[in-house]
1. Which residues in the range 155-199 place their backbone N less than 11 Å from a point set 7 Å from the Cα of Arg49 along the Cα-to-Cβ direction?
2. Which length gain, in nm to one decimal place, applies between Asp151 and Arg58 when the Cα-Cα distance is subtracted from 0.36 nm times their residue separation?
3. Which one, (1) 0.94; (2) 1.39; (3) 1.03, gives Cα Rg over 2.2 N^0.38 Å as derived from the coordinates shown?
4. Output the relative contact order of the chain, whole-number percent, from Cα pairs under 8 angstrom with separation of 6+ residues.
5. Taking a ≥ b ≥ c as the square roots of the eigenvalues of the Cα gyration tensor of the range 80-235, is the shape rounded (a/c under 1.5), prolate (a/b larger than b/c) or oblate?
6. Evaluate E = 1/(1 + (r/R0)^6) for Leu131 and Glu26, where r is the Cβ-Cβ distance and R0 equals 45 Å; express this FRET efficiency to the nearest 0.05.
7. Calculated from DSSP H runs of 4 or more alone, at -39500 (n - 2.57) each and per residue, what is the 222 nm mean residue ellipticity of the chain, nearest 500?
8. Run the simple label-point estimate for Glu110 and Glu239 please: 7 Å along Cα→C-beta, distance reported in nm.
Amino acid sequence: MTAPYDEWFGPDAFDATYGYDRKALEEVGAPPEPAGFAEFWTTLYGRARAVDPAPVTRQVPGRPGLHDVEFTSLDGVRLGGWLVLPPDGVAERALVVGHGYGGRDEPDLELVPPGTAALFAAARGLPQRGLVPGIPAVAAEHVLHGIDAVDTYVHGGCAADVWCAASALLALLPQPPDRLVFVGGSFGGGIGALALPWDDRFDAGALHVPSFGNHDLRLTMPCTGSGEAVRRYVAERPEAREVLRFFDAATAAGRLRIPMVVAPALWDPAVPPPGQFAVHNAIPGPKELVVFSAGHADYPDEAADTERYLDAIRRLLDA
């Protein structure tokens, strides 16, 4: 590695730039859509929009404006999360917030500016509020659940969870917000890229170190994240590669027309940076690039990078 990464992470850490400098990262492309791509996703979206989310909330004791929430997603899956409401209950803007592959224990309130409602929704199978019998909660197993067929792969259900979370949030607000925005990182960023092109209720989105971008490249790159389980699985069962073509975040990003903020990292051992940049590069619509020095790691410049990302999200909400 080269400075500053050898100073930050030690000379013995593997090169999580994967040999790509920024110029090379900004040139990474996306795989083409497989036949039937749009039909699959529009059909799945139609099924999810037909779901009555039946949201139920409960005030969190001692925390004004914060509520536990439960709602129904596709196939009758009941999911949980947290609802944040402005003190007067009137939200000018609304956020659906995803999470990483480790799940979520608490809402990240720094993402929610004044006058904004937010639903921090769990994805099916993931801790703690999305646990579902039959779906593994461990990332390396969850990422393989149903991978042998397009119609059963768990990431389709996770995208539907985003759409149903939006339905639940909108149902809980006394009046429609002026703006609905999705924010997600890592696993949540990749799922967001898959979900957003099909749902015209969303006005904008922000994706931090998004996963699942350009599986053609990801499958050649050992990593410490969920992609390693997929890489090993496909090496033994190459037919699964055809399923993954329908769940490539960079391929889906090619259909994004709403304003987007994408925050990929230059160094990341969990989600290889070329896949992250592939998501950004594929977006044909308006977009802002906020580059992090590293992802899935603590480093000296992290606070400054995070503040730039939060500023970009605030601009999305205020646009």
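1. 198-199
2. Extra length available between Asp151 and Arg58 comes to 30.1 nm.
3. The value computed from this structure is option (1).
4. Relative contact order, the chain: 19 percent.
5. prolate
6. After rounding to 0.05, the efficiency reads 0.70.
7. When only DSSP H runs of four or more count, the value is -9000 deg cm²/dmol.
8. 4.7
Values quoted throughout were computed directly from the atomic coordinates according to the rules given, and no laboratory measurement underlies them. Everything quoted here is computed from the prediction, not taken from an experiment. Cβ coordinates were reconstructed from backbone atoms using ideal geometry, including for glycine residues, and neighbour counts include every protein chain displayed.
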